[in-house]
1. What list of ³J(HN,Hα) values in whole Hz, one per residue of segment 100-113 in order, does the Karplus curve 6.51 cos²θ - 1.76 cosθ + 1.60 (θ = phi - 60°) give from phi, with Gly and Pro shown as x?
2. Rounded to the nearest 5, what % of the DSSP beta bridges within the chain are antiparallel ones?
3. Of Leu141, Ala30, Ala57, whose Cα points farthest to the positive end of the dipole of the chain (charges on the beta-carbon: +1 Lys, Arg; -1 Asp, Glu; origin at the Cα centre)?
4. Which far-off residues, 5 or more places away or on another chain, put their amide H under 5 Å from the one on Val283, with H placed in the peptide plane?
5. Given R₀ = 22 Å, FRET efficiency for Thr255-Leu210 by Cβ-Cβ distance, to 0.05?
6. If R0 is 51 Å, what FRET efficiency do you get for Val109 and Ser263 from their C-beta distance, rounded to 0.05?
7. Run the numbers for Ile41 and Val142: contour at 0.36 nm per residue of separation, minus the present Cα-Cα distance, in nm.
8. Stokes-Einstein D for segment 97-204 at 4 °C, 1.567 mPa s, Kirkwood Rh over Cα pairs, in µm²/s?
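Please treat every number below as a calculation from the coordinates, not as lab data. This one's a predicted model, so the numbers in the text were calculated from it and none came from an experiment. Cβ coordinates were reconstructed from backbone atoms using ideal geometry, including for glycine residues, and neighbour counts include every protein chain displayed.
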Amino acid sequence: MGHGHAHGHAGGPASGRHRGRLTVVFVIIAAFFVVELVYGILASSLALLSDAGHMAADVVTLGAALAATKVATRPDTTGRRTFGSYRAEVFASGFAVLVMLGVSVYVVVEALARVGSTVEVQTRPMIVVGTLGLVVNVVALVMLRAGAGESLVMRGAYLEVVADTAGSVGVVVAGVLVATTGQTGWDAGVALAIGAFVAVRGVMLGRQVLAVLGQHAPEGLDVDEVVADLRAIEGVGDVHDLHVWVLTSGMNVATAHLVADGSADVDVILADARAALRDRHDVEHATLQVEGARAPECHSVDW
């Protein structure tokens, strides 16, 4: 019988590589949030205030993401966190989902409250601040784009800024429509559209967070193909108790039992299995057990 481990990602989770850019984005978004909030109040624009509310969500979630990337790379001093604190960024992404949905509900409630009421909306601040917000968000998107494909927490931050960019466009459109038609209902209507867009983005990210917390197989990985590749290794007669899941963004984990033929070299089987998981399925941390025959204990486990 043999037992082996394969480890990868010595540099930590993917989010850590983009912490510098995340910090810069946090600073510029936080600064512009104050500007948008002040002018939203002065202009009595619900669209501008809703976008400011969403930018506040950006500030909170970006701050949480920064904290999570720091915690995730911190060594465990308790001896109880056997996987470290890598899941911190997943929890930060879940918090981002809650904030996005909360902002969406607030915008909808405020927009409905304005139905039938007359509110004087100042369009010039809406257009100017909305345009400036669009520029700020485009800069933030460019800085976050690379990390969004590697890290769940970076993807959450990226989606937040995508939604805020759409919000800035909506603010400018609402300002132009109110200025040209004199109908302030456009302001509430655009605010509702922003709220709906943010909610959809939040639900999409929430599904990804739940998939990680539910220990689903990594997206795009075919478990049957993994089993077939392990069984194809010379000296392996069977594979059972295979589990594959995502620890955090960019860190896939697997465990499996490999039943070896009587004359097989256990060390060679372990090396070949680790290589197959790493090179074909992007699983760099694997705990593998090689046994001469299916162990009786495997039959006795009822879960």
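1. Karplus values, whole Hz, x for Gly and Pro: 4, 5, x, 4, 4, 4, 4, 4, 4, 4, 5, 5, 5, 5.
2. 65
3. Of the options given, the answer is Ala30.
4. The list, which skips near neighbours in sequence, is Arg278.
5. On the way: r = 22 Å, r/R0 = 0.99.
So the FRET efficiency works out to roughly 0.50.
6. Computed FRET efficiency for Val109 and Ser263 comes out at 0.10.
7. Length gained between Ile41 and Val142: 33.4 nm.
8. 89
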